[in-house]
Amino acid sequence: MKLKEAAMAALESGSDSEADSEALSDAELQAAFARGDLKPGLNVELEAPKRRQNDVAGLNQCLAEFRKDLPWLERLDVTVGPAPELPAQQGPEKSAAADPEDDFRREMTFYRQAQAAVLAVLPRLHQHQIPTKRPQDYFAEMAKSDQQMQKIRQKLQTKQAAMEKSEKAKQLRALRKYGKKVQTEVLQKRQQEKSKMMTAIKKYQKGFSDRLDFLEGDGRSHSRAEKDGAKAQQMKKGPSAKRRYKNQKFGFGGRKKGSKRNTKESYDDVSGFRARTAHGKGPHKMGKKMANKRPGKRAREKMKNRAR
């Protein structure tokens, strides 16, 4: 594209007959290059070197425009060099000008120059009877008016009141959360105590324990030694009431088949033998049926007919 632009610029400048700018083909570009119309640097815009000049007259004119012939007390300007360094601060090889790349030396140069200006200006101020120290009863007028300061004070008070209100609201929320937490803990503790009491009551009812400490309501947890002592005491006393009831109802476990058969010991044991009962001499004789006291059907019918 740059080659085409250069060719178009060369052809437009060389031939006046072609006023309109038309697109050139590759053949026309090759022909222009063969004729020597295309040269390097035709479309490069060269900048002229800048001229640096010291316009003294113009500078003096600008200085005369804003310069005012005022006394020194109104200007308070002074031009001095830096103050001399102390012997302890002077190095073995001290250069005439400070190195601008050394930040510490540069700042020290500014400080010493300001110090030299103060030392040069103070005597001149004393000559003109200008005080350089603030008196003890100095009263400086504020830059802002009382109305503006009153507005600022009201704004600060409003802001402080809003902050205090927000802080109180935060504290109330925190106290509410803490109270709710304490209430929840108390309810949980009561529920735990209630569940412990119900468990103790069930154990006492079932015979697992014979202690009635849960009725006192102290809620103190027994130590491990007390629990072990209660368990050992229960084992010494024998089975619990629940176990005894189940033993009485269902037996003692073990094999039930053949439990009524005679053994050698039961055969030899005649402690339960009753002679009167065995030989039919008792009130209920063995081998004879009891007399039926109820009359038969025919007898009952006859009894009914008689009653009619």
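The values are calculated or read from the model by the stated rules, or taken from the named source; none is laboratory data. Predicted model, so just to flag it, every value in this text is computed and none were measured. Cβ atoms come from the backbone with ideal geometry, glycine included; neighbour counts cover every protein chain shown. Surface areas here come from the heavy atoms of the whole protein model, side chains and all, with no ligands, DNA or RNA. Shrake-Rupley method; radii C 1.70, N 1.55, O 1.52, S 1.80 Å.
Could you give every pair whose Cβ atoms fall below 8 Å, whose first residue belongs to the range 263-276 and is modelled with pLDDT under 80, and whose second residue is of a type outside the set (Val, Ile, Thr), counting only separations of at least 6 or pairs across chains?
Close Cβ pairs satisfying both conditions: Arg274/Gly282; Ala275/Lys281; Arg276/Gly282.
Among the residues of the range 218-262, what is the count of those that are part of a helix (DSSP H, G or I), of a type in the set (D, E, K, R) and at pLDDT 65 or above?
Residues that pass the stated criteria total 6.
Out of contact with any strand residue (DSSP E or B) (no Cβ under 9 Å at 6 or more places or on another chain), at pLDDT below 75, within 30 Å of Thr199 (Cβ to Cβ) and of a type outside the set (A, V, I, L, M, F, W, C): does that describe Gly282?
no
Which condition from (1) open to solvent by less than 100 Å² (accessible area, probe 1.4 Å); (2) touching a Phe, Trp or Tyr at 6+ places or on another chain (Cβ under 8 Å); (3) in a helix (DSSP H, G or I) is the one that Glu167 breaks?
The single condition Glu167 does not satisfy is (2).
Got a number for residues in the range 39-61 being part of a loop (DSSP other than H, G, I, E, B) and either surrounded by fewer than 10 Cβ atoms within 10 Å (Cβ to Cβ) or at pLDDT 85 or above (or both)?
Adding up the residues that qualify gives 15.
How many residues are open to solvent by 100 Å² or more (accessible area, probe 1.4 Å), of a type outside the set (Ser, Thr, Tyr) and in a loop (DSSP other than H, G, I, E, B) when one looks only at the range 131-149?
10
Step by step: first the residues of the range 91-127, then only those that are surrounded by 10 or more Cβ atoms within 10 Å (Cβ to Cβ) and assigned to a loop (DSSP other than H, G, I, E, B), then the one that is modelled with the highest pLDDT. Which residue is that?
Asp102
So how many residues does the range 173-202 have that are closer than 23 Å to Gly238 by Cβ and open to solvent by 100 Å² or more (accessible area, probe 1.4 Å)?
Final tally of qualifying residues: 1.
Given the options Lys288, Lys304, name the one that is modelled with pLDDT under 80 and either over 60 Å from the mean Cα position of the chain (by Cα) or under 30 Å from Asp210 (Cα atoms) (or both).
Lys288
Given the structure, is Gly179 in contact with a Lys or Arg (Cβ under 9 Å, 6 or more places away or on another chain) and among the small types (Gly, Ala, Ser)?
So Gly179 fails the test.
Confirm whether Lys159 is modelled with pLDDT of 90 or more, within 53 Å of the chain's Cα centre (by Cα) and not aromatic (Phe, Trp, Tyr).
Criteria met by Lys159.
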